[in-house]
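For reference, the structure discussed in these notes is given below.
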Ligand SMILES: Nc1ncnc2c1ncn2[C@@H]1O[C@H](COP(=O)(O)OP(=O)(O)OP(=O)(O)O)[C@@H](O)[C@H]1O
Ligand SMILES: [Mg+2]
């Protein structure tokens, strides 16, 4: 122990003695370790930290799935849910909920908040206790019980933390609900991370009743029994599902999919985080290689010191230890500075992350992150300290102690090692740059994809009409008619429309049958995206009308019921025929007397309404002026002459002028919405790009230092060459060539690695590839040519400067001191 | 062939200058074999570096045949040296990582000579110096005398009219030295002008003319017995 202390003291003195080396090494390590710590703080918060529920690893989401039709993780039907609950032996309990939006009135201005109607046992399944009041009681399951539990955030922001809120009524969609409980602050973030909308209120009364197995409406969550695994549960649920499938024809093709709650929460973020973690690990490796290089150079400078120690009886182990103490000390100092960098870094990361990233709130440097950093620093110190330590621990005592011993054999070994380090740096940097390059390429590619509408200068906002006064659809239609007239009269507005559903906001699939095929077999009923729109919808969204006419205000409840279909729907159901005049019914039952046959009056261009990357979804559009609709329109879209956000306040005023209790929410531009699905990929791309750049800079520093060192080692040789007629350019070329050779070998190895990696990623499922923004040929020629070219340029520059210094070698001096 | 007029060279040292060459005037005729002698530190190597055009921080006038070297740019000087001058060093200065053959080829590689011609030139040289058997060896595998043989072969491979040798036998024993000197004499007889630096009277005997340097001054020249002490009067 005493010896170790001495080693540390000696190491500190050594580091102080060469401040230049120490500063450069610490900086590189700090960058490497800092980047790792920052990313790990995210990994820790998002992936590793358990969900804040009691025994959270027993919680699973229960989905339906219909793989034949490409539906996975589908919401579930009430009857199936009830059957599962009755028949299973694997779950301790099951709960269901229905996502909703509620207009919360009674505050300073109307507000729309996300909330859920839940079965009364939801919170006990999750294992959550309220901070105030109580959870729902079983008898509150029945519809109309009018009790609510609110989130901590809503309690604080909307009610100022009113200690007497429990027991008071709040108005949701114009109906009074009594607050019975308030949930803890920690609950909200993770809960809303699990289930898309940021829920702030829960109301009891989701009294599940049989309503037809073809209606998939509810989320289901279950708690596994203590000794049951996910696989066992899945097996049993498969059995139950196939029994149901055989029993009920409308369930044909439907099965059950269990997803662990934690997996469910993080599954879209995990690949991105792992990619980033891999990237920073590579950056750290490069930094390690650089520091190892500097240490090697120093070790050759200290051969004599080591030889004296060995001559005085130091064992090999003791010499290695001395070197390792020094390197570990360096990495610890680097880690300390790295923590500071990581502190800023993780703040920046949180800010950069797309808003839908789950569980970020807890991202910080906590005990686990600290432990990670210490382990990484120790590992780093050993990794970059070992090579020089091993090299130095076998000194050729004889040679080194001889006056000015230039033992060419050890220096050749050292050179090979240094070369190998630079080569691997270039390989790693290349892999990172290729990764970033492929992402950039994908993004450019996605930007060029024709999504079927023109998102520029289009504003969307949500104007939900709720409450008893809007029960009658005609009242809603009147409201929208007046609102649209007011908006279209505003200066700068080109057109406006109402709609139910915004492209890329998801799927409101609905079954339909055509008059030509009124009786499709059960389980094969076609479906389409059901969109309620106003007459100017296509003009506003920039969707071309291929055939027929748009809707007009003359399509009313008393005229012939009409529908406009998308090209893909028309082509599929009436191939080679004129779709105009064809008839369809939005129901799985052609004999459904409650719903009218609709005549096709137009065909609209296809829209990638599930995102740039997804295939076209068949759509059917119905006019809002012609009720009854199956879904209520809620969105207003406005096309403006210039930047659309300027008119938002005016529109708010117009809405308030019509009904001051109607909230305006979800204001965003169509451009933002279109960018939504690739936002995470974009963030990852930027981060990966930055890390790749950092890697490139480090690799450049690496090659620079190796070549510089080589030049000092080669002074004599260069002097001879110059005396024999080599001119300055020849000398520069000689040095630069040395750098280029190293870079080229590194790039070649890196290319092989990157190629393999890209092929691996290209075989991942489509969804995963999109999350990683990877939708190009894995051997995208541009990337695979441009990136090596960039690296070659960098290597050229980094070796040019030492080369120029080499050309200044004075042959007289070089030859004199031999 | 060469004419030096008032060549001066000094080094900055701390406060002032150290003079290593002082107003050196020297004529070298084609075909001469000159020996430069003088005590250690007299400026012999410095003079050779000036002649070799390795040094370009001297003052004075230097004619190489018709060329006014003092007016040439650095690039032109090295071009001139490349074509006309070969150098032999006391410590051989072979490149450790190159074979004998590659070492000899080195000066050719810096000229625009086609590869096959280079190969035949190198083969000739190996032959002439009787080191064919050693062509694949590295310098560390040769004796000192053999290394210097390679050094000379390298210096004359491109048939320079002027050969400069700075104590070429300084690291060799007398037997080897004799061999080298005989080689020089042969080369000289074939027309190469030679300037060698040596401390050995025996070596000097091979030459046709001896000059003496002392503290940077040219103080004796067998071709110019009139030269005695410099005219100190006009200096400083
Ligand atoms: N680069 C230099 N910087 C400073 N002084 C130098 C330098 N090169 C040579 N000198 C000085 O110039 C003087 C002449 O050196 P030079 O090498 O020409 O002597 P020399 O006659 O060749 O001696 P030796 O017989 O020992 O080789 C010496 O005093 C030496 O110290
Ligand atoms: Mg000398």
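The values are calculated or read from the model by the stated rules, or taken from the named source; none is laboratory data. Model, not experiment: these values are computed from the prediction. Here the Cβ is made from the backbone with ideal geometry for all residues, glycine too, and neighbour counts use every protein chain on show.
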**Request:** Among the residues of the stretch B:1-23, write down those that are more than 14 Å from ligand 2 (Cβ to nearest atom), crowded, with 17+ Cβ neighbours inside 10 Å and within 18 Å of the chain's Cα centre (by Cα).
**Result:** B:2, B:4, B:7
**Asked** Checking residue B:79 against (1) away from ligand 1 (no atom under 12 Å from the Cβ); (2) modelled with pLDDT of 95 or more, which test does it fail?
**Response** (2)
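For the stretch B:57-67, state whether one or more residues are at the interface with chain A (Cβ under 10 Å from one of its Cβ atoms), surrounded by fewer than 21 Cβ atoms within 10 Å (Cβ to Cβ) and within 16 Å of ligand 2 (Cβ to nearest atom). Full working, then the answer.
Restricting attention to the stretch B:57-67, the residues satisfying the condition of being at the interface with chain A (Cβ under 10 Å from one of its Cβ atoms) are B:57.
Okay, now just the ones that are also surrounded by fewer than 21 Cβ atoms within 10 Å (Cβ to Cβ), so B:57.
After this cut, where a residue has to be within 16 Å of ligand 2 (Cβ to nearest atom) as well, the list is none.
Checked against the condition, which is being at the interface with chain A (Cβ under 10 Å from one of its Cβ atoms), surrounded by fewer than 21 Cβ atoms within 10 Å (Cβ to Cβ) and within 16 Å of ligand 2 (Cβ to nearest atom), the stretch B:57-67 yields no hits at all.
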**Asked** So which of B:76, B:130, B:119 ends up being free of Cβ contacts under 8 Å to residues at least 40 places away in the same chain, outside any helix (DSSP H, G or I) and surrounded by fewer than 20 Cβ atoms within 10 Å (Cβ to Cβ)?
**Response** B:130
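Could we say that residue A:382 is in contact (Cβ under 8 Å) with a residue 40 or more places away in the chain and over 13 Å from residue A:36 (Cα atoms) here? Even if it seems obvious, please write down each step before you answer.
Values: in contact (Cβ under 8 Å) with a residue 40 or more places away in the chain: yes; over 13 Å from residue A:36 (Cα atoms): yes.
So residue A:382 fits the description; yes.
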**Message:** Suppose the filter is within 29 Å of residue B:82 (Cβ to Cβ), in contact with a strand residue (DSSP E or B) (Cβ under 9 Å, 6 or more places away or on another chain), within 14 Å of chain A (Cβ to nearest Cβ) and away from ligand 2 (no atom under 16 Å from the Cβ); does residue B:150 pass it?
**Reply:** no
**Prompt:** Mind checking whether some residue in the stretch B:24-35 is buried (at least 21 other Cβ atoms within 10 Å of the Cβ), within 14 Å of ligand 2 (Cβ to nearest atom), modelled with pLDDT of 95 or more and more than 14 Å from chain A (Cβ to nearest Cβ)?
**Reply:** yes
**Request:** Only residues that are assigned to a helix (DSSP H, G or I) and more than 8 Å from chain A (Cβ to nearest Cβ): list them for the stretch B:85-108, please.
**Result:** B:100, B:101, B:102, B:103, B:104, B:105, B:108
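Rundown of residues vs (1) within 16 Å of ligand 2 (Cβ to nearest atom); (2) surrounded by 20 or more Cβ atoms within 10 Å (Cβ to Cβ); (3) modelled with pLDDT of 90 or more, yes/no style:
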{"site": "B:125", "(1), (2), (3)": "no, yes, yes"}
{"site": "B:136", "(1), (2), (3)": "no, no, yes"}
{"site": "B:140", "(1), (2), (3)": "no, no, no"}
{"site": "B:144", "(1), (2), (3)": "no, no, no"}
**Prompt:** With A:374, A:369, A:280 as the choices, which residue is touching a residue at least 12 places away in the same chain (Cβ under 8 Å), surrounded by fewer than 19 Cβ atoms within 10 Å (Cβ to Cβ) and closer than 20 Å to residue A:48 by Cβ?
**Reply:** A:374
**Request:** Select, from B:25, B:6, the only residue that is in contact (Cβ under 8 Å) with a residue 60 or more places away in the chain and either more than 14 Å from ligand 1 (Cβ to nearest atom) or closer than 27 Å to residue A:726 by Cα (or both).
**Result:** B:25
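Yes/no per residue for (1) surrounded by fewer than 17 Cβ atoms within 10 Å (Cβ to Cβ); (2) outside the structural domain of residue A:95 (by TED's automatic domain parsing); (3) out of contact with any helix residue (DSSP H, G or I) (no Cβ under 6 Å at 6 or more places or on another chain); (4) more than 29 Å from residue A:630 (Cβ to Cβ):
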site: A:213; (1), (2), (3), (4): no, no, no, no
site: A:222; (1), (2), (3), (4): no, no, yes, yes
site: A:241; (1), (2), (3), (4): no, no, yes, no
site: A:246; (1), (2), (3), (4): yes, no, yes, yes
site: A:251; (1), (2), (3), (4): no, no, no, no
site: A:258; (1), (2), (3), (4): no, no, no, yes
site: A:262; (1), (2), (3), (4): no, no, yes, yes
site: A:274; (1), (2), (3), (4): yes, yes, yes, yes
**Item:** Meets criteria (surrounded by 16 or more Cβ atoms within 10 Å (Cβ to Cβ), outside any loop (DSSP other than H, G, I, E, B) and within 12 Å of another protein chain (Cβ to nearest Cβ)) for residue B:82
**Value:** yes
**Asked** Scanning the stretch B:36-53 for residues that are more than 14 Å from every other protein chain (Cβ to nearest Cβ) and either over 20 Å from residue B:223 (Cβ atoms) or more than 15 Å from the chain's Cα centre (by Cα) (or both), which turns out nearest to ligand 1 (Cβ to nearest atom)?
**Response** B:42
**Item:** Out of B:144, B:170, sole residue that is within 16 Å of ligand 1 (Cβ to nearest atom) and within 19 Å of the chain's Cα centre (by Cα)
**Value:** B:170
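Does the stretch A:335-353 contain any residue that is part of a loop (DSSP other than H, G, I, E, B) and under 25 Å from the mean Cα position of the chain (by Cα)?
Narrowing the stretch A:335-353 to residues part of a loop (DSSP other than H, G, I, E, B): A:353.
Going one step further and asking which of them are under 25 Å from the mean Cα position of the chain (by Cα), we end up with A:353.
Yes, some residue in the stretch A:335-353 is part of a loop (DSSP other than H, G, I, E, B) and under 25 Å from the mean Cα position of the chain (by Cα).
Would you please name the residue that is surrounded by the fewest Cβ atoms within 10 Å (Cβ to Cβ), looking only at residues in the stretch A:295-308 that are in a helix (DSSP H, G or I) and out of contact with any helix residue (DSSP H, G or I) (no Cβ under 6 Å at 6 or more places or on another chain)?
Going through the stretch A:295-308, the residues in a helix (DSSP H, G or I) turn out to be A:295-301, A:303-308.
Of the ones still in play, those that are also out of contact with any helix residue (DSSP H, G or I) (no Cβ under 6 Å at 6 or more places or on another chain) are A:298, A:301, A:305, A:308.
Working: A:298: 17, A:301: 11, A:305: 16, A:308: 15.
Checked the stretch A:295-308; the qualifying residue surrounded by the fewest Cβ atoms within 10 Å (Cβ to Cβ) is A:301.
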**Asked** Given the conditions (1) within 15 Å of ligand 1 (Cβ to nearest atom); (2) away from chain A (no Cβ under 14 Å); (3) assigned to a helix (DSSP H, G or I), which single one is not true for residue B:70?
**Response** (1)
**Message:** For the stretch B:157-174, give me the residue count where each residue is under 23 Å from residue B:80 (Cβ atoms) and within 16 Å of ligand 2 (Cβ to nearest atom).
**Reply:** 4
**Conditions (1) at pLDDT below 85; (2) within 14 Å of chain B (Cβ to nearest Cβ); (3) crowded, with 22+ Cβ neighbours inside 10 Å; number of the one not met by residue A:724** = (1)
**Fill in**
When residue B:111 is run through (1) within 9 Å of chain A (Cβ to nearest Cβ); (2) over 14 Å from the mean Cα position of the chain (by Cα); (3) buried (at least 17 other Cβ atoms within 10 Å of the Cβ), the failure sits at (3)
**Asked** How many residues does the stretch A:251-271 contain that are in contact with a strand residue (DSSP E or B) (Cβ under 6 Å, 6 or more places away or on another chain) and within 20 Å of residue A:55 (Cα to Cα)?
**Response** 5
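If you check residue A:292 against the conditions, is it at pLDDT 90 or above and within 25 Å of residue A:430 (Cα to Cα)?
Working: at pLDDT 90 or above: no; within 25 Å of residue A:430 (Cα to Cα): yes.
The answer is no for residue A:292.
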**Item:** The lone exception for residue B:105 - which of (1) touching a helix residue (DSSP H, G or I) at 6+ places or on another chain (Cβ under 8 Å); (2) under 30 Å from residue B:23 (Cβ atoms) it fails
**Value:** (2)
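Looking at A:788, A:802, A:778, which one is more than 14 Å from chain B (Cβ to nearest Cβ), modelled with pLDDT of 90 or more, within 24 Å of residue A:443 (Cα to Cα) and surrounded by 18 or more Cβ atoms within 10 Å (Cβ to Cβ)? Give the steps one after another, and end with the answer.
Working: A:802 fails: within 24 Å of residue A:443 (Cα to Cα); A:778 fails: modelled with pLDDT of 90 or more.
None of the others qualify; the one that does is A:788.
Among the helices (runs of 4 or more DSSP H) confined wholly to the stretch A:654-770, which include 1 or more residues that are closer than 30 Å to residue B:89 by Cβ?
Details: elements: A:670-675, A:679-713, A:715-723, A:728-762.
Result: A:679-713, A:715-723, A:728-762.
Regarding residue B:63, is this residue within 10 Å of ligand 1 (Cβ to nearest atom), in a strand (DSSP E or B), touching a strand residue (DSSP E or B) at 6+ places or on another chain (Cβ under 6 Å) and farther than 18 Å from residue B:166 by Cα?
Working: within 10 Å of ligand 1 (Cβ to nearest atom): no; in a strand (DSSP E or B): yes; touching a strand residue (DSSP E or B) at 6+ places or on another chain (Cβ under 6 Å): yes; farther than 18 Å from residue B:166 by Cα: yes.
No, not satisfied.
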